[in-house]
Every structure is written in structure tokens, then in C-alpha cells.
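To keep things clear, I will list the structure first and then write my remarks on it.
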Amino acid sequence: MSKALDSTDRAILNALQGGFPIADRPFAIAAAELGLTEPDLIARLRSLLDDGVATRFGPLFNAEAMGGALTLAAISVPEERFEEVAALVNAHPEVAHNYRRCHAFNMWFVVACERPEQVRRVLEEIERESGLPIIDLPKEEEFFLELKLTA
Amino acid sequence: MTDLDRRLLALLQDGLPLVAAPYGALAQRLGISEAEVCERLRRLQAEGVISRFGLVVRHHELGYRANAMVVWDVPDTEVREAGRRLAALDFVTLCYRRPRRLPRWPYNLFCMVHGLDRDEVLAQVAQAARQAGLEQVRREVLFSTRRFKQRGARYGSTAEARDRAQVA
């Protein structure tokens, strides 16, 4: 667990989730808006990443726009097999994350691939390895959020 | 996407270099000018290949201990309007329409709600139902109890990796 965040850390987290300048000195621009110096902002970002408060800083790529594909998949796993099935699902590098949830469908994971046909193949492999049926729930429409910033 | 675009994105897989001139550092490694790196990134952003640029936070480490996927069975003719209304709420961090898989899975609208604890999440879900006109619609709240794997978005942003968190 990380150390406590101060008000500057919180301001950085709120300001830098939605966008970052593309310019020759982007940290200087972002720092000025936060009332910080450039080296100060860089050091703060480094410790937010080192402490695990943030997992990444940089561009996020859209799989579909790059010709790839992803889906959300769910399995109803018998309780006594949960650990075994979690291990075999997580062993696939295309599985981006996997959550246990309180429901008859208790395992929920995202499969992200560079090519659309690979998604189907990964799901079929998991069904074969686990002997359990998967429900495949690809996104049909995304409802975009307004940018939410706290001052 | 060109070959050079792919090389640029490959260099960015682990994130932007934390140096004063990060685009210049990338340019040096690719043997092109800093201006060209910036121009390519702006184009990739405009094309939607880069969906967001910034920090990816961990909700749990920020004190948001409860997260739920809330699923709704909304009539097809109303799902778009309902999705827009849910997405407009402060505490909803993602909102998607997905297919039903009858008879096993009847829900077609999904959203993520984060809160400090489960009671807060449940209160927010009730508020969402009121404000989005979904009180009469069948819904379920699926709390997460364990995260097994969460990798940073590599090639392909993934749902929860794109979540934004407000830090009070």
C-alpha cells in the first residue's frame, strides 16, 4: 500500500487522467497549470507510478482502431474449480484482466487481441481447456463520459 | 498505420518517458525529428488509435474499495437513451451496450460504479436508476471480490484500464 497522498498528488491525479500536451516540453506546460515546476511534476509522477497508485502514464491505444479486437467474457465456474480455472484463463497472454464477481457468472475477463479472429480462438481454447461454456459479450456501443474533473 | 507508426507505438508500450522532452527522446530512438513524432501522435489521436493520453490509476489504491458492474435489461428501443443518461452521472466510469445471451444472460446495458464501500455503491446504483429512468427495469449489481490480473494496456486499451477516477 502506498503512502498517503497529499493535495498536490490529488491535483495531479485529477488533472492528468484525461489528457496530456503534445509539445516539446509537455511536463512544463502541465506543471504550470498545476502551479508546479517541471522537475517537481516529473518526480511526483515517478513516485505515483513507483508506489502503485498509477499503473501507467502515456497514451492508451484503442484496439479496434488498430485493427484489433476485444471482448468481455464470463464463465460460471463451480466453486471447487475456481482456482484451477482462474490459473488456466490467466495463463493466456491475451487475457488483459480477470475479476471474480458475486454472481452465478463469477469469473469476468477481457480478451484483447491484435486481430479479430484471434478473440474467437482464445475463447474456444479456454472452453476446451476448462470444459466450461463462455458467454461472449463484445461491446456494441460505448456511451462516452463527460470529462470529469474536480477542481 | 504505417510501419513507423507501429515502431512509435511499440516504444510507448511501457508509457511516455519521464524526461523533460519525452517526444524528443522518442524521436532520437526512431531517427526522426521531434516535430514528426508530435505530428504522428496528434494524427493517431485524431484517428482514435490513441484513445486517451495520461495517467491510468488504480481505484483500489485510491481508497475506492468497492466496485460493481451494474447490468440492466433495457428494452432495445430505449437502451441508447438510458446509456447516455447513465454515462452522464459522476460516479459512472464506463457504460456500454452489449448483446443479450438468452436464456443465460438477459442484460444488454453495462456500467461500472466505484465507491468507498458497498453501501455507497448501492446508494449510487439506486440514484442511477432514478435519474436514468430505469427504476422499473430488471438489474443486477455484480460486486468484484478479487482482481486476478490487471495488466497495463499494451496493444489495445481494455475496459477497466480506461476508467477515470475522481480523487476527492
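Observations, loosely collected:
- Taking the criterion of being assigned to a helix (DSSP H, G or I), out of contact with any helix residue (DSSP H, G or I) (no Cβ under 9 Å at 6 or more places or on another chain) and surrounded by 13 or more Cβ atoms within 10 Å (Cβ to Cβ), the residues of the stretch B:127-140 that qualify are B:127, B:129.
- Residue B:117 modelled with pLDDT under 95, surrounded by fewer than 21 Cβ atoms within 10 Å (Cβ to Cβ) and away from every other protein chain (no Cβ under 14 Å): yes
- Tally, over the stretch B:93-120, of residues that are under 16 Å from the mean Cα position of the chain (by Cα) and either at positive phi or in a loop (DSSP other than H, G, I, E, B) (or both): 1
- Qualifying helices (runs of 4 or more DSSP H) (wholly inside the stretch A:1-88; at least 2 residues being in contact with a Phe, Trp or Tyr (Cβ under 9 Å, 6 or more places away or on another chain) and at pLDDT 95 or above): A:26-34, A:38-50
- A Cβ distance below 9 Å, combined with a sequence gap of six or more or placement on separate chains, defines the contacts here; from the stretch B:126-143, residues that are more than 14 Å from every other protein chain (Cβ to nearest Cβ) reach residues that are of a type in the set (Gly, Ala, Ser) and part of a helix (DSSP H, G or I) in the pairs B:133/B:82; B:135/B:126; B:135/B:129; B:136/B:129; B:137/B:82; B:137/B:129.
- None of B:76, B:14, B:90 is under 21 Å from residue A:27 (Cα atoms) and either over 18 Å from the mean Cα position of the chain (by Cα) or not β-branched (Val, Ile, Thr) (or both) except B:14.
- Selection status of residue B:82, exposed (fewer than 14 other Cβ atoms within 10 Å of the Cβ) and of a type in the set (A, V, I, L, M): no
- Sole residue being more than 30 Å from residue A:133 (Cβ to Cβ) and without any contact (Cβ under 8 Å) to a residue 40 or more places away in the chain, chosen from B:15, B:24: B:24
- Residue B:15 under 29 Å from residue A:97 (Cα atoms) and at the interface with chain A (Cβ under 8 Å from one of its Cβ atoms): yes
- Qualifying residue in the stretch A:96-118 (condition: more than 18 Å from the chain's Cα centre (by Cα) and at pLDDT below 90): yes
- Among the residues listed as B:161, B:153, B:87, B:128, the single one being modelled with pLDDT of 90 or more, closer than 30 Å to residue A:57 by Cα and touching a strand residue (DSSP E or B) at 6+ places or on another chain (Cβ under 9 Å): B:87
- Cβ-Cβ contacts under 8 Å between residues 6 or more apart (or on different chains), taken from a first residue in the stretch A:122-151 that is among the hydroxyl-bearing types (Ser, Thr, Tyr) to a second residue that is in a loop (DSSP other than H, G, I, E, B) and at pLDDT below 90, are listed as A:150/B:166; A:150/B:167; A:150/B:168.
- In the stretch A:25-73, of all residues being facing chain B (nearest Cβ under 8 Å), free of Cβ contacts under 8 Å to residues at least 12 places away in the same chain and within 30 Å of residue B:101 (Cβ to Cβ), the one that is nearest to the chain's Cα centre (by Cα) corresponds to A:60.
- A count restricted to the stretch B:16-41 and to residues that are in a helix (DSSP H, G or I) and either among the small types (Gly, Ala, Ser) or at pLDDT below 95 (or both) stands at 4.
- Residue match in the stretch B:48-59 (condition: within 10 Å of chain A (Cβ to nearest Cβ), at pLDDT below 95 and over 26 Å from residue A:9 (Cα atoms)): yes
The values are calculated or read from the model by the stated rules, or taken from the named source; none is laboratory data. Everything quoted here is computed from the prediction, not taken from an experiment. Quick reminder, even Gly has a Cβ in these numbers, built from the backbone with ideal geometry, and neighbours come from all protein chains shown.
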